[in-house]
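Written out below as structure tokens is the structure these notes cover.
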Amino acid sequence: MIYKHRNKPQELTVFEILNKRIELSSKDKQYYFKLKKGYAGELLFDSLTEKLQCDCLILNDLLLEVNNTTFQIDTLLLIDGKIYIYEVKYFEGDYYYESNKFYKKPKHEVSNPFLQLDRSESLLSQLLRNHGFHHPIDASVVFNNPTFTLYQAPLNLRAILPTQIHNHMRALDETPSKINEKQKRIANLLVSLHITKSPYSKIPIYHYEQFRKGITCKICDSFSLSIEGRKCKCQKCGYQELVETAVLRAVKEFQTLFPDQKITTNVIFDWCKVVQSKERIRYILSKNFTLVGVHQWSYFK
Ligand SMILES: [Zn+2]
């Protein structure tokens, strides 16, 4: 049973908007693609854990803190008196392991996911002990990209390789398990301690002037939209959407980027660009938001 769902990281949502509306530096772009790929890998692993039939509690994407140190757990399962934690790595291609170091072939050192795993395991164990729980933890790194190969892996490496995932999930499913009160208390504790705002954000500083204005297509991200009556039509892929829905999508993007800015007709008119009439923008906003204040001081909430 899924006890805590995974949400798309706010950082990724912001990067998606930045990537289509401003020119990101190659470093930021690289970081964005890594973030996007990592999230895709996590969702792929979720699609397996959510199929588990055994009595278990699934907690996705936990960000916790103990003794002023934050740590992240991609997936945590409570099954049969044990806690399983997984660090999900969606690495593509050929990697090798040498003297406790992790490399991508031919020879590019990457941060060792097993050190990250050790750290998370030890911090989680500390946190649980601080709350009076002494629970065995089984920690693994899951490599779930089908193109991933690991050379020179020691026998005792706590890895689940692409060819082993299926058997691992089956073994979990075959574990006789019954969730008890203590496990529910642990799950509640972890959910209550989860930190929603990540301290790791690497979002670059941005300004309104930098952004390409306009509404983008919901399907292909193109800016080439034309308005025909009540509909907005994408010139590139042909997707059609109600103007109102498209404007509200754009408003949502604006709010994500500038959460402290007030929503006014003028601001959204400038942001959407493609809608020719301010009256129409005002009508859409007043239908979907509450108008606060009067005259030039008014805004939508
Ligand atoms: Zn399109």
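Remarks
- Surface share of carbon and sulfur [accessible, 1.4 angstrom probe, percent] for the chain: 51
- Toward the positive end of the charge dipole of the chain, with +1 on the Cβ of Lys and Arg and -1 on the Cβ of Asp and Glu, the farthest Cα among Val142, Trp297, Gln164 is that of Trp297.
- Convex hull per residue volume in Å³, alpha carbons only, for the chain: 187
- Neighbourhood net charge (13 Å Cβ-Cβ; Lys/Arg +1, Asp/Glu -1) for Gln183: +2
- Protein heavy-atom accessible surface, 1.4 Å probe, per residue over region 213-300: 59 Å².
- For region 123-185: rounded, prolate or oblate by the Cα gyration tensor [a/c cutoff 1.5]: oblate
- Note on region 124-234: Kirkwood radius taken over Cα pairs, Stokes-Einstein applied at 37 °C and 0.692 mPa s, translational D equal to 160 µm² s⁻¹.
- Per residue, the average separation of C-alpha pairs within less than 8 Å and at least 6 apart gives the chain a relative contact order of 16 percent.
- Spatial separation of Cα centroids for region 287-301 and region 1-65, in angstrom: 35
- Computed with a 1.4 Å probe over protein heavy atoms only, the accessible area of Tyr208 comes to about 50 Å².
- Overall, the ratio between the Cα radius of gyration of region 213-300 and 2.2 N^0.38 Å, rounded to two decimals, is 1.07.
- The residues neighbouring Phe269, those whose beta-carbon lies less than 12 Å from its own, together hold a net charge of +3 under the Lys/Arg +1, Asp/Glu -1 convention.
- Computed over the alpha-carbon pairs of region 41-177, the distance histogram in 10 Å steps reads 11, 41, 34, 13, 1 percent, short to long.
- For region 1-139: relative contact order, % (alpha-carbon pairs under 8 angstrom, 6 or more apart): 20
- In this calculation the C-beta distance from Lys213 to Asp94 is compared with R0 = 35 Å, giving a FRET efficiency of 0.20.
- Rounded accessible area per residue of region 64-144, 1.4 Å, Å²: 45
- Net lengthening on full extension, Cys54/Leu193 (0.36 nm per residue, minus Cα-Cα): 47.5 nm
- Nearest-20 debye value, the chain charge dipole, Cβ charges on Lys, Arg, Asp, Glu: 1020
- Beyond 31 Å in Cα-Cα separation lie the following of the pairs Lys27/Lys82; Lys20/Lys278; Lys101/Lys184; Lys36/Lys233: Lys27/Lys82; Lys101/Lys184.
- Value at 222 nm in deg cm²/dmol, rounded to 500, when DSSP H runs of n ≥ 4 in the chain each add -39,500 (n - 2.57): -12000 deg cm²/dmol
- Residue-count net charge about Glu241 - beta-carbon cut-off 11 Å; Lys, Arg +1, Asp, Glu -1: +4
The values are calculated or read from the model by the stated rules, or taken from the named source; none is laboratory data. The structure displayed is predicted, hence computed values, not measured ones. Note: ideal-geometry Cβ built from the backbone for every residue, glycine included; neighbour counts use all protein chains shown. Each accessible area value is taken on the protein alone, full model and side chains, heavy atoms only, with ligands, DNA and RNA left out. Shrake-Rupley method; radii C 1.70, N 1.55, O 1.52, S 1.80 Å.
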